[in-house]
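A.B. asks: My questions will all concern the structure given below.
The values are calculated or read from the model by the stated rules, or taken from the named source; none is laboratory data. Nothing here was measured: the structure is a model prediction, and the numbers come from that model. Because the Cβ atoms are built from the backbone with ideal geometry, glycine has one as well, and the counts that use them run over all protein chains shown. Remember, those area values only see protein heavy atoms, side chains included, never the ligands or the DNA or RNA. Shrake-Rupley method; radii C 1.70, N 1.55, O 1.52, S 1.80 Å.
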Amino acid sequence: MLLALVTKIMSYFPAILSEALVYVASAVTLLVFHQEYVVLVAGFSLAGVLAYSVNSRIEDSGKARRWTGWLLMLVLGILAWCFNNSVFGVSSVVAFVYSLGFVMLITPGMIAVGVNEARIAVVLRLAFACLLLTLLAWLIFYTTWLPALIPVRQTLHAFELGMLTVLPLAYFTALGYLSFFLLKSRFWLRFIAELAALISGLAVIIIALLYQLDTMFWVGAVFMLWNLMDKFHELVYKRVSFTAACTLFAVIFGGSAAIIKSNMAVVMPHLAFLNL
């Protein structure tokens, strides 16, 4: 609401003057006031006017997207490091993923995530990059296998949440885009992509359970649920009657719930880190 009010007030001034005033006001606020809410408002005001400045002056959408992503990643990353703020850290990682080629559209009633360039080679490259970065984040924050990375653990603490949630989500999005769209008519390639997605989802859940990573667990669980529902739709729902599909779903869902409930004493100690 505050940002909307500021935007309305600034609309009465020339654009270049409005931008300059927001830059100066945000910078001064960040230097003088260190209360968390004030820092967040000033930081996102700075990021917003930066995105506007770039997009209003670069006509090529692809070039504007790359410049916006890299600059926001840099600015939000500096704010995350200076104020040790994970909100800025997550936003910085989102900007980085955006600059790689992912896109996100948020409208009333819908959140859509996809890729900017729908080509198999490009999406594979995005998936591979996000996978490597996710593994690197896991090695940095939760293992001691690479001693050289231990000193940077505290330095990158503000980016931990973003690196262990946004990066795997981007990886799963790339795999889903391959499976559901780009490789839909190529059976064996689609099979390999879906197998990789299944193995990756299980790996994320297992790693989250072993290292008690609550957010990462939900990332893997949501993706696995999405993946299994898609398989149920393709392999069962489309091939049998509506009544048979719903009955089978009820049997599977009810049976799984019964198995879990009858083994709660065994299951719950392993899920204590989720604070259920």
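A.B. asks: Show which aspartates and glutamates lie in cross-link reach of Lys8 when reach means a straight Cα distance below 16 angstrom and same-chain residues fewer than eight apart are skipped.
C.D. replies: The qualifying aspartates and glutamates are Glu19.
A.B. asks: If the cut-off is a Cα-Cα distance under 28 Å, which lysines reach Lys238, setting aside same-chain residues fewer than 8 apart in sequence?
C.D. replies: Lys184
A.B. asks: Using alpha-carbon pairs under 8 Å, 6+ residues apart, how would you state the relative contact order of the range 151-276 in percent?
C.D. replies: 20 percent.
A.B. asks: Turning to a different aspect of this structure: Among 202-209, 119-126, how do they line up by average Cβ neighbours within 10 Å per residue, starting with the highest?
C.D. replies: Highest-to-lowest ranking by the protection proxy: 202-209, 119-126.
A.B. asks: Tell me, what % of the accessible area of the chain is carbon and sulfur with a 1.4 angstrom probe?
C.D. replies: 73
A.B. asks: Kindly identify the range 78-175 as rounded, prolate or oblate by the Cα gyration tensor criterion: order the square roots of the eigenvalues as a ≥ b ≥ c, call it rounded if a/c is under 1.5, otherwise compare a/b with b/c, prolate if a/b is larger, else oblate.
C.D. replies: Oblate shape, in that a/c is at least 1.5 and b/c is the bigger or equal ratio.
A.B. asks: Next question, about the same structure. Using Cα pairs under 8 angstrom and six or more residues apart, how large is the relative contact order of the chain, in percent?
C.D. replies: Contact order relative to length: 11 percent.
A.B. asks: Plugging the Kirkwood radius over Cα pairs into Stokes-Einstein for the range 1-153, at a temperature of 10 °C and a viscosity of 1.306 mPa s, what D comes out in µm²/s?
C.D. replies: Answer, rounded: 90 µm²/s.
A.B. asks: Under the rule of -39500 (n - 2.57) per DSSP H run of 4 or more residues, summed and divided by the residues of the chain, what mean residue ellipticity at 222 nm is obtained, to the nearest 500 deg cm²/dmol?
C.D. replies: Rounded to the nearest 500, it is -24000 deg cm²/dmol.
A.B. asks: Relative contact order for the range 43-92: what is it in percent, counting Cα pairs under 8 Å that are at least 6 residues apart?
C.D. replies: 30
A.B. asks: Here are several values of P(r) over Cα pairs in 10 Å bins from 0, in percent: (i) 6, 25, 29, 20, 13, 6, 1; (ii) 5, 21, 26, 20, 8, 5, 5, 5, 3, 1, 0, 0; (iii) 6, 22, 29, 24, 14, 6, 1. Which one was derived from the coordinates shown?
C.D. replies: Computing P(r) over Cα pairs in 10 Å bins from 0, in percent and matching it to (i) 6, 25, 29, 20, 13, 6, 1; (ii) 5, 21, 26, 20, 8, 5, 5, 5, 3, 1, 0, 0; (iii) 6, 22, 29, 24, 14, 6, 1 gives (iii).
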